[in-house]
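The values are calculated or read from the model by the stated rules, or taken from the named source; none is laboratory data. Note that the structure is predicted; figures quoted are calculated from it, not measured. Virtual Cβ from ideal backbone geometry, glycine too; neighbours counted across all protein chains shown.
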Amino acid sequence: MGLIESLELGLVTALTLENLFYCFVGVSVGMIVGVLPGIGHLAAISLLMPLTFHVPATAALVMLAGIYYGAQYGGSIASILLNLPGTASSAVICLDGYPMAQKGRAGSALMITTIASFFGSCVAIIVLIFLAPPLARIAMNFQSADYFSMMVLGLVAAGSISQGKPAMGLASMLLGLIIGLVGIDVNSGAMRLTFGMPELMDGVSIIVIAMALFGVTEVIASVGNGFGAGGKSTTVTWGTLMPTRDEWRQTPWPLVRGAAVGTGVGLLPGTGGGSMASFMAYAVEKRASRRPETFGTGNVAGITAPESANNAAAQSAFIPTLTLGIPGDAIMALMLGALLIHGIAPGPRVVTESPDLFWGLVVSFLIGNLMLLILNIPLIQLWVRILQIPYRLLFPAIILLICVGVYSLERSVFDVLLVAGMSAVGFVLMRLGFEAAPLLLGFILGPMLEENLRRSLLLSRGDPMIFLERPVSATFLGLSVLMLAWVLWGVVRPQRPADETTTSKSMRESMK
Amino acid sequence: MTSYLGSKDAVAGLVTMAIGAGVAIAASDYGMGTPRQMGPGFFPVVLGGLMAFVGVLILFGALRDREALPDVPWRPLVVMPLAILAFALLLPRTGLGPAGVVTVLLAGMAQRGRPGVSLWLLAALLVPAVWLLFARLLGVPVPFIAWTF
């Protein structure tokens, strides 16, 4: 199928009334949770996942993806107006966005970030359109050994490039793999780790895990932090929305550099929700600038590049997810979960065997971004008002939706109990330094990892050398070993008092 | 200065080791099989072993980095799961209406004090709306009010 025909098919799919509706719902919800500090897009996506049971696969993915990139737009609003990041990836926008607002340029900052978001997304979508089909073709030649090694690399990367300590990331990833084992082993029929509970025979649902670890624990943490005072009102008048000519002149190159950094970073595994992309883009921009000392005081380039980058990353993260079936972060793992719920096996075959889903989703990204561009500016007053919803009324509503949502999956009270238990245990583990994102990634990839290991060893008659004899597999394993060696070095290397750069430290702090 | 075994990383390392070892031991009963024909126990034993090993690494790293155990927000940590538990226990007995109201009020108390007017109002509006969404729009068969103790 040629590119033009593919895009035509995508357009026809994305423009059905149903998909347009779910796209609109997705981006609106995304925008709202992006604006609101205290609820992340992960919580929102987990919250809406039960709904995807009731709609076709394409509509479900269109909606969930819309929440994700919609939140990237909304995130910067709270950063600029309140100096509070609405999402982790927009934390860096605070650095120059809030000073701009203090100088009375909030409107112009919002306008510029909206345009940067749109530009970054479009660049990454174009890369996706051209890169995904050939990548899927290459991946079609992969054998189970290659898949196994690729998953190992994805998991090791997700564990070690995590927000906290790499060893804790790896432990979380392994715990996720273990939870993925719970239930009947499809090959032998043996019950594994079910502790004699028949309800666990079919394993733990990804929605239960996501709700517990991203929904409830996030609410507990926010309430525990005394969150919920409600934002101070900041007024944005129409007059200040238009950037000055001088501000316009500073935007083009940061836009391009940000989009390039973001698209590249989004492709890598384990880079987590665009935060790394926006921080890297900020660092690159500061280095490229002729006046780096103006960063942090309201530099236009300091909001343009990161905003362009995190939106680009949000879109390009779909490339490995859809073509290889390897999710780069927790959100992409949830997307794969939604595919699995609908009985679609993730991997390169999605592009060729479900072209309407793949291309429909891609075109819906373009449509969704257009909707966001249109929604964002005229409704700015509405977004500012949403910032003032008191959190103490928001979180009981979230808890209720989680309860009803989980129950609606299988009409199982057991699943609701499981959420209660997992959220309490999960919260304590997270306070100890465990992380939810690599855990979820391990959970999703676990069964596939075991299956590919089994198949490879069956093929090689039990000879583990198969993983080193195939060049693709050997490369992936080699990279994994390098990464693990780096983690090990971090543990045993002699102590130095200041071994953290300021960028990585501020990044870590802002992502807490 | 925090004591070694009381530091955050030491506790995390011990927990990781315990989970890993527990899984490896539990799974060793499942049958390891041969490399050519992996048994159901092979993969879990390997994962458990790896996790226990990572636990040792974390414990080792804790020698250097003695971070104090973080504060735990007890009130929300206890009340929030309790609100969910209440929902699970009440739903089959009272239907979604009463179960939902109790959950909203309990969850609201996670922050402080007793439920105020705004919380009651929220419960009164939200619970029927959620029931309409799930029961009517999405067709999940769940009664609004039931009485089966």
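Considered as a group, the residues in the range B:54-66 that are more than 9 Å from every other protein chain (Cβ to nearest Cβ) and surrounded by 14 or more Cβ atoms within 10 Å (Cβ to Cβ) include one that is modelled with the lowest pLDDT, and that residue is B:66.
Here residue A:332 passes the criteria (1) buried (at least 18 other Cβ atoms within 10 Å of the Cβ); (2) out of contact with any Phe, Trp or Tyr (no Cβ under 8 Å at 6 or more places or on another chain) except the one numbered (2).
Using the structure shown, decide if residue B:130 is in contact with a helix residue (DSSP H, G or I) (Cβ under 6 Å, 6 or more places away or on another chain), in a loop (DSSP other than H, G, I, E, B) and under 25 Å from residue A:213 (Cβ atoms). Answer is no for this residue. If I filter the range A:58-91 down to residues being assigned to a helix (DSSP H, G or I) and among the polar types (S, T, N, Q), which single residue comes out as surrounded by the fewest Cβ atoms within 10 Å (Cβ to Cβ)? The selected residue is A:58.
Taking residues in the range B:67-88 that are more than 7 Å from every other protein chain (Cβ to nearest Cβ) and under 29 Å from residue A:412 (Cβ atoms), and partners anywhere that are among the polar types (S, T, N, Q) and surrounded by 15 or more Cβ atoms within 10 Å (Cβ to Cβ), the pairs with Cβ atoms closer than 9 Å and at least 6 places apart or on different chains are B:75/B:111; B:79/B:111; B:86/B:103. Of all residues in the range B:103-118, those being buried (at least 20 other Cβ atoms within 10 Å of the Cβ) and part of a helix (DSSP H, G or I) number 5.
Only one of the listed residues (B:51, B:1, B:38) is at pLDDT below 90, outside the structural domain of residue B:109 (by TED's automatic domain parsing) and buried (at least 21 other Cβ atoms within 10 Å of the Cβ). That residue is B:38.
Considered as a group, the residues in the range B:1-26 that are at the interface with chain A (Cβ under 8 Å from one of its Cβ atoms) and touching a Phe, Trp or Tyr at 6+ places or on another chain (Cβ under 8 Å) include one that is nearest to residue B:63 (Cα to Cα), and that residue is B:12. For the range A:415-443, the set of residues classified as more than 8 Å from chain B (Cβ to nearest Cβ), among the hydrophobic types (A, V, I, L, M, F, W, C) and touching a residue at least 12 places away in the same chain (Cβ under 8 Å) consists of A:418, A:422, A:430, A:436, A:437, A:439, A:440, A:441, A:443, listed by residue number.
What about residue B:45, is it out of contact with any Ser or Thr (no Cβ under 9 Å at 6 or more places or on another chain), in a helix (DSSP H, G or I) and either buried (at least 17 other Cβ atoms within 10 Å of the Cβ) or within 9 Å of another protein chain (Cβ to nearest Cβ) (or both)? Here the answer is no, as residue B:45 does not meet what is asked.
Of A:390, A:327, all but one fail to be closer than 23 Å to residue A:75 by Cα, buried (at least 21 other Cβ atoms within 10 Å of the Cβ) and of a type outside the set (A, V, I, L, M, F, W, C); the exception is A:327.
If you scan the range B:26-41, which residues turn out to be closer than 16 Å to residue A:182 by Cβ, outside any loop (DSSP other than H, G, I, E, B) and not acidic (Asp, Glu)?
Result: B:26, B:27, B:30.
Of the residues in the range A:438-462, how many are outside any helix (DSSP H, G or I) and touching a Pro at 6+ places or on another chain (Cβ under 8 Å)? Break it down stepwise before answering.
Restricting attention to the range A:438-462, the residues satisfying the condition of being outside any helix (DSSP H, G or I) are A:460-462.
Going one step further and asking which of them are touching a Pro at 6+ places or on another chain (Cβ under 8 Å), we end up with A:462.
Selection size over the range A:438-462: 1.
For the range A:448-475, the tally of residues that are closer than 17 Å to residue B:44 by Cβ and in contact with a Leu (Cβ under 8 Å, 6 or more places away or on another chain) stands at 2. The residue that is farthest from residue B:125 (Cα to Cα), counting only those in the range A:403-414 that are at the interface with chain B (Cβ under 7 Å from one of its Cβ atoms) and modelled with pLDDT of 90 or more, is A:413. When the helices (runs of 4 or more DSSP H) confined to the range A:348-403 are screened for residues that are over 23 Å from the mean Cα position of the chain (by Cα), under 22 Å from residue A:84 (Cα atoms) and of a type in the set (A, V, I, L, M, F, W, C), those reaching at least 3 such residues are found at A:380-386. Within the range B:89-139, the set of residues being facing another protein chain (nearest Cβ under 7 Å) and polar (S, T, N, Q) comprises B:103, B:111, B:118.
In the range A:322-347, what residues are assigned to a loop (DSSP other than H, G, I, E, B) and of a type in the set (Val, Ile, Thr)? Spell out the reasoning first.
Residues of the range A:322-347 that are assigned to a loop (DSSP other than H, G, I, E, B), as a first pass: A:325-329, A:342-347.
The answer is A:326, A:344.
Out of A:129, A:125, A:138, which single residue is in contact with a Phe, Trp or Tyr (Cβ under 6 Å, 6 or more places away or on another chain), more than 12 Å from chain B (Cβ to nearest Cβ) and either without any contact (Cβ under 8 Å) to a residue 24 or more places away in the chain or in a helix (DSSP H, G or I) (or both)?
Values: A:129 fails: in contact with a Phe, Trp or Tyr (Cβ under 6 Å, 6 or more places away or on another chain); A:138 fails: in contact with a Phe, Trp or Tyr (Cβ under 6 Å, 6 or more places away or on another chain).
Going through A:129, A:125, A:138 in turn, the sole match is A:125.
Scanning the range B:35-84 for residues that are more than 19 Å from the chain's Cα centre (by Cα) and among the charged types (D, E, K, R) returns B:36, B:64, B:65, B:66, B:67. Of all residues in the range A:6-23, those satisfying the criterion of being in contact with a helix residue (DSSP H, G or I) (Cβ under 6 Å, 6 or more places away or on another chain) and either over 10 Å from residue A:59 (Cα atoms) or of a type outside the set (Ser, Thr, Tyr) (or both) are A:6, A:9, A:10, A:11, A:14, A:18, A:19, A:23. Does residue A:204 qualify as being surrounded by fewer than 23 Cβ atoms within 10 Å (Cβ to Cβ) and either away from chain B (no Cβ under 14 Å) or among the small types (Gly, Ala, Ser) (or both)? For residue A:204, the condition - surrounded by fewer than 23 Cβ atoms within 10 Å (Cβ to Cβ) and either away from chain B (no Cβ under 14 Å) or among the small types (Gly, Ala, Ser) (or both) - is met. Of the residues making up the range B:90-102, those that are on the phi < 0 side of the Ramachandran plot and either surrounded by 15 or more Cβ atoms within 10 Å (Cβ to Cβ) or among the aromatic types (Phe, Trp, Tyr) (or both) are B:90, B:91, B:92, B:94, B:96, B:97, B:98, B:99, B:100, B:101, B:102.
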